[in-house]
Each structure stands twice: as structure tokens, then as C-alpha cells.
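The structure appears right after this line, and notes come after that.
The values are calculated or read from the model by the stated rules, or taken from the named source; none is laboratory data. Because the structure is predicted, anything quoted here is derived from the model rather than measured. Positions of Cβ are generated from backbone atoms using ideal geometry, with glycine treated the same way; all protein chains shown enter the neighbour counts. Heavy atoms of the whole protein, side chains included, go into the accessibility calculation; ligands, DNA and RNA do not. Shrake-Rupley method; radii C 1.70, N 1.55, O 1.52, S 1.80 Å.
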Amino acid sequence: MKQTFLTAVLVSSLASAWALELGDVAPKSDVKMKNVDGKEISIADVKGEKGTLVIFSCNHCPFVLAWEERIAKLGNEFQKRGVGVIQINSNDPAKVAGDSFEGMVKRAKDRGFAFPYVVDADSGVARAFGATRTPEAFLFDAAGKLVYHGTIDDNHKDAAAAKEHYLKDALEAVVAGREVAIKTTKAVGCSIKFRS
């Protein structure tokens, strides 16, 4: 038990140490991942004229479920405004059955995602990003540089009570070609259940 805990702490620390820094470009952007429509797609394939939003997510996490309507709304809206959007499930369905591909197809349909929701088959993309949570957002500007990394807003429980709309504000700045005011926040959510 003690060894398992120490291993988990070490893995979490190493992932954080490898996290992308502001100004970095998206790693593994050419890796093809299976989308809910059955097609293979990469981050590079969805790159937008104004920027690109990459969100690490899943089907089961209570934080994802609480933010999911807001994520769908933001993704659908800003995709129309020139931001490429892709949501990535890096969780191992052998560890959490609810994170199966079939579950992804259902969630994408139920929530009306107009953007790709893909499987990170070996969790390699999440590892390359240094992502550790679901949901966790990485926003890149038109030049492909990371300009925002973190959470969606300051209240996962109640959209109406949110006072800080970090991701929306960052998206608005990117679309307008302005500097993002709040560039990093702590990603709040469930730990990614990495594939072995």
C-alpha cells in the first residue's frame, strides 16, 4: 500500500514536472487518434486559424460531468469563431469501464459536441502534455504557442455562481488577437487513469 502511494506521488510529480510551459507548442500534434465518428484525427488536423483548444477529459469524472455542458457550449461556439477544438480521453477503460469508446460516443451525442472527442490509445499524448486531470484545458494561439493552461472556471458545481470564466476569457482574447490576462490556473478534477 505504502509503495503504491509513493509510486502514485512520484508519477504525479513527474507529470507535473513535464507539463507544458507558456509559449510551448503542442507535442505529438500529428498523432492520429480515433474520433467518436470512427475517423482518425490529430491535433494538427483541427488547428484553427485563431488558435487551438485541447481539453483532456473522460466520461465518468464528476468534475467533467459538472462542467460538460459549459465545455460543449464553449467548444461549439469558439469552433465557429476560428478556434480548432479537440477533446481527448486518455483514461484506461480497463481501470474505469465508463471511459469506454462506446461511452464516449454516447456522451458526445448526448451533449451535442460539434468538435472531435478522441481516444488517446496509449495515454502518450496526455503524458507529452504533462496533463494530469480531467478536465484540463490547453489553449494555443494562432501561432501555435500555449497561452492558457488550467481549469474551465471557478465553480464546477454551479455555472450561474461562477465569477471567473478563465477558459472563456482566454478564448475571447485569442479570437481577438489580444494577450490572455490570466494564463494559468490550477486544473481541478479527477486524476487521469493512465494506460500502462
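Roughly how many debye, to the nearest 20, is the charge dipole of the stretch 11-97 about its Cα centre, given +1 on each Lys and Arg Cβ, -1 on each Asp and Glu Cβ, and no other charges?
The calculated dipole for the stretch 11-97 is roughly 140 debye.
Which far-off residues, 5 or more places away or on another chain, put their amide H under 5 Å from the one on ARG133, with H placed in the peptide plane?
Placed amide hydrogens put ILE192 under 5 Å from ARG133.
Taking only Cα atoms and a 10 Å spring cutoff, compute GNM fluctuations for the chain and point out the largest among SER29, SER57, SER90.
Checking each option, the largest mean-square fluctuation is seen for SER29.
Rounded, prolate or oblate: which fits the stretch 95-144, taking a ≥ b ≥ c as square roots of the Cα gyration tensor eigenvalues, rounded meaning a/c under 1.5, else prolate when a/b beats b/c?
oblate
Rolling a 1.4 angstrom probe over the protein heavy atoms, how many square angstrom per residue are accessible across the stretch 103-161?
Here the per-residue accessible area is 37 Å².
For semi-axes √(5λ) of the Cα gyration tensor in Å, the listed values are (1) 27, 25, 16; (2) 81, 10, 10; (3) 23, 19, 17; which was obtained by calculation from the structure presented?
(3)
If you roll a 1.4 angstrom probe over the protein chains with everything in place, what fraction of the accessible area of the chain belongs to carbon and sulfur, to the nearest %?
Answer for the chain is 55 percent, counting heavy atoms of protein chains only.
If you take the square roots of the eigenvalues of the alpha-carbon gyration tensor of the stretch 109-180 and sort them as a ≥ b ≥ c, do you get rounded (a/c under 1.5), prolate (a/b over b/c) or oblate?
Here the stretch 109-180 falls in the oblate category.
Between LYS39 and LYS95, with labels modelled 7 Å along Cα→Cβ, what's the label distance in nm to one decimal, could you check?
Distance between the two pseudo-spin positions: 3.1 nm.
So for the pair GLU102, ALA160, with labels modelled 7 Å out along Cα→Cβ, what separation do we get in nm?
Once both label points are built, they end up 3.7 nm from each other.
What distance in nm separates the simple spin-label points at LYS145 and ALA121, each placed 7 Å from Cα in the Cβ direction?
About 3.4 nm separates the two model spin labels.
Looking at PHE56, ALA161, VAL105, which one has the Cα that reaches farthest to the positive end of the dipole of the chain (charges on Cβ: Lys, Arg +1; Asp, Glu -1)?
VAL105
Net charge within 12 Å of PHE115 by Cβ-Cβ distance, Lys/Arg positive one each and Asp/Glu negative one each, not counting PHE115 itself?
Residues near PHE115 contribute 0 overall.
State whether the stretch 51-161 is rounded, prolate or oblate according to the following rule on the C-alpha gyration tensor (a ≥ b ≥ c being the square roots of its eigenvalues): a/c under 1.5 gives rounded; otherwise a/b larger than b/c gives prolate, and the remaining case gives oblate.
Since a/c stays below 1.5, the shape of the stretch 51-161 is classed as rounded.
Cut-off 10 angstrom, C-alpha nodes, Gaussian network model of the chain. Which of ALA97, ALA131, ALA108 fluctuates the most?
Sorting by GNM fluctuation, first place goes to ALA97.
Quick one: among TYR166, TYR148, TYR117, which has the greatest mean-square fluctuation in a GNM of the chain with alpha-carbon springs under 10 angstrom?
The residue with the greatest mean-square fluctuation here is TYR166.
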